Amino acid sequence: MNHDIDFVDCNIVIIASTFNVNILNTVWLYKNKIFTEKELQGATCLPVIVEAQSDDFRLHIVPDRLQFSINPKYKNTKELLSSKIGRLVKLLPHTPFTAAGLNFTYHVIPLDKDIYKLTRSLFCNEQSKLFNDLEEENVRFGGYFSKDLLGTRFRLDAKPISVVMQNKKKEMLQLAYNFNISLNEEDDHNTVIGLFDKWDEAKRICQELTNKINSKD
């Protein structure tokens with residue numbers, strides 16, 4: 001039985017002690033050739049937040065966090081990251097970055113609509129006493145996994161969610177993958193940009209792990 005798998009979101013997050021949001025306005029982003037005038041149309045620039053979006057991306061900056069989300073259908077993601085966020089962080093040499101991460105999110109919709117059966121088959125240890133008396137069909141299961149991978153701390157948070165679509169509630173399994181690095185005072189923009197180079201391999205790993213749900217082995 002092949003379940004429906006949707007790649008729904010991907011982004012990079014950079015955490016800093018503080019981003020100077022007053023400097024990172026549309027004029028600065030345009031003058032430094034990070035974003036085009038068209039990409040900045042309709043952008044929001046306030047003392048505590050900067051937001052801009054196009055068909056390909058969405059930028060969100062607050063004092064302690066920058067998030068750059070990419071359209072999951074976009075093809076040259078690593079190039080887009082380098083030309084936009086790579087250029088931006090190079091122009092902020094004194095910003096104290098503390099962490100950065102790559103994030104990929106998938107939704108798995110059970111073909112037979114039975115989220116209980118899918119999550120139980122994936123995450124329930126039938127031999128564990130913790131799972132005694134959990135036979136009801138309204139029980140849901142999930143899991144958390146973490147290990148060192150690609151020079152990052154890799155995490156997978158898997159949990160059932162409910163989404164309302166066209167006035168109907170749909171239950172699905174959400175797989176949220178994260179590749180995270182911690183930064184210190186000796187790390188500069190090159191360490192952050194180095195994380196971008198891992199994008200394609202990180203995405204491949206997430207896709208292969210997700211596809212295992214439909215594996216016949």
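Which percent of the Cα-Cα distances in the range 137-217 go past 19 Å?
Cα-Cα pairs of the range 137-217 separated by over 19 Å account for 54 percent.
In degrees between 0 and 90, to the nearest 10, how far off the longest principal axis of the chain does helix 199-211 point, with axes built from Cα atoms?
Helix 199-211 sits roughly 10 degrees off the main axis of the chain.
I need the Kirkwood Rh of the range 1-66: take the reciprocal of the average 1/r across all distinct C-alpha pairs and report it in angstrom.
In the range 1-66 this quantity evaluates to 13.3 Å.
Rounded to the nearest 500, what is the 222 nm mean residue ellipticity of the chain from helices alone, with -39500 (n - 2.57) per DSSP H run of 4+ residues and division by all residues?
Theoretical 222 nm ellipticity from helices: -5500 deg cm²/dmol.
Looking at the chain as a GNM with Cα springs under 10 Å, which of Phe145, Phe68, Phe19 has the largest mean-square fluctuation?
Answer for the Gaussian network model of the chain: Phe145.
To the nearest 0.05, what FRET efficiency results for Lys33 and Val139 with a Förster distance of 41 Å applied to their C-beta separation?
Step by step, r from the Cβ atoms, then E = 0.15.
Cut-off under 25 Å on the C-alpha distance; same-chain residues fewer than 8 positions from Lys198 excluded. Which lysines are left, in chain and number order?
Leaving aside lysines fewer than 8 places away in the same chain, those within reach of Lys198 are Lys33, Lys73, Lys75, Lys78, Lys84, Lys90, Lys147, Lys212.
Enter the accessible area of Ser121 (Å², nearest 10), with the probe set to 1.4 Å and all protein chains included.
Roll a 1.4 Å probe over it and Ser121 shows about 90 Å².
Within a Cβ distance under 13 Å of Val21, other residues only, what is the Lys/Arg minus Asp/Glu net charge?
Details: positive: Arg65; negative: Glu51, Asp64.
Net local charge, Val21 excluded: -1.
Net charge near Glu137, counting Lys/Arg +1 and Asp/Glu -1 over other residues with Cβ under 9 Å of its Cβ?
-2
Please report the equivalent ellipsoid semi-axes of the range 10-142, computed as sqrt(5 x eigenvalue) of the Cα gyration tensor, largest first, in whole Å.
After diagonalising the Cα gyration tensor, the semi-axes are 41, 18, 13 Å.
What's the local net charge at Gly86, with K and R +1, D and E -1, over the other residues with C-beta under 14 Å away?
On the way: positive: Lys33, Lys78, Lys84, Arg87, Lys90, Lys198; negative: Glu79, Asp188, Asp197.
Residues close to Gly86 contribute a combined charge of +3.
Order 170-177, 87-94 from most to least packed using the mean count of other Cβ atoms within 10 Å.
Taking the mean over residues of other Cβ atoms within 10 Å, the ranking is 170-177, 87-94.
The values are calculated or read from the model by the stated rules, or taken from the named source; none is laboratory data. Since this is a predicted model, take the numbers as computed values, not measurements. Virtual Cβ from ideal backbone geometry, glycine too; neighbours counted across all protein chains shown. In case anyone asks, the SASA skips ligands and DNA or RNA and just uses the protein heavy atoms, side chains included. Shrake-Rupley method; radii C 1.70, N 1.55, O 1.52, S 1.80 Å.
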